[in-house]
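A quick write-up on the structure given underneath.
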Amino acid sequence: MFETHYKTNIVLISFFVTTIGWWGWNAFLCGVYARSNPIYKVRDGFTETFGPDPLWWATVFGVLAMMGLVEMVLKILKRRLIGFGLYNVESWLFWKKSRNSGGGGLEGEGDRDRETEWEVEIWQELEKDGGVRERLNAVARGEVDVGDRDQENV
């Protein structure tokens, strides 16, 4: 959900429907699972096994919060490294895949894909800035030339 560029009601509703559906499915399994299975303690898990344990719930929410925090930190770090021109996927990997090892693509194709990914992220970030958006709209309408930087009204 953090990586979604357009956070709309549809994204929010689908997130909650998916999450509630997953927990509902687990609750359903806790109710219908056979009691005779000694290996998996699924039956009555929410009511007797892990459900009443506040430490278990604290761990679940703590792990989810840490996952979200790590995702945000990595996203911020990636944007800063892209901004400084230091982000290169291949230099951060501990292993490198040979370009001729069955990839089927042309040489340099992976570099172009990364550049396109960066361009999309940068444009999406620029769209959020009101001043930049107004300038781009003015250029698209033909009110301002692309090379004209002395416009103070835009």
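The values are calculated or read from the model by the stated rules, or taken from the named source; none is laboratory data. These numbers were taken from a predicted model, which means no experiment stands behind them. Every residue, glycine among them, receives a Cβ derived from its backbone with ideal geometry; neighbour counts consider all protein chains shown.
Laid out as a table, the results:
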| read-out | value |
| --- | --- |
| Top-ranked residue of region 26-39 - restricted to ones that are at pLDDT below 90 and surrounded by 10 or more Cβ atoms within 10 Å (Cβ to Cβ), ranked as nearest to the chain's Cα centre (by Cα) | Asn26 |
| Residues (over 30 Å from Pro38 (Cβ atoms) and touching a Phe, Trp or Tyr at 6+ places or on another chain (Cβ under 8 Å)) located in region 49-70 | Gly68 |
| Single condition Lys75 does not satisfy, out of (1) basic (Lys, Arg); (2) exposed (fewer than 11 other Cβ atoms within 10 Å of the Cβ); (3) modelled with pLDDT of 70 or more | (2) |
| Selection status of Leu93, exposed (fewer than 10 other Cβ atoms within 10 Å of the Cβ), at pLDDT below 65 and within 29 Å of Thr4 (Cβ to Cβ) | yes |
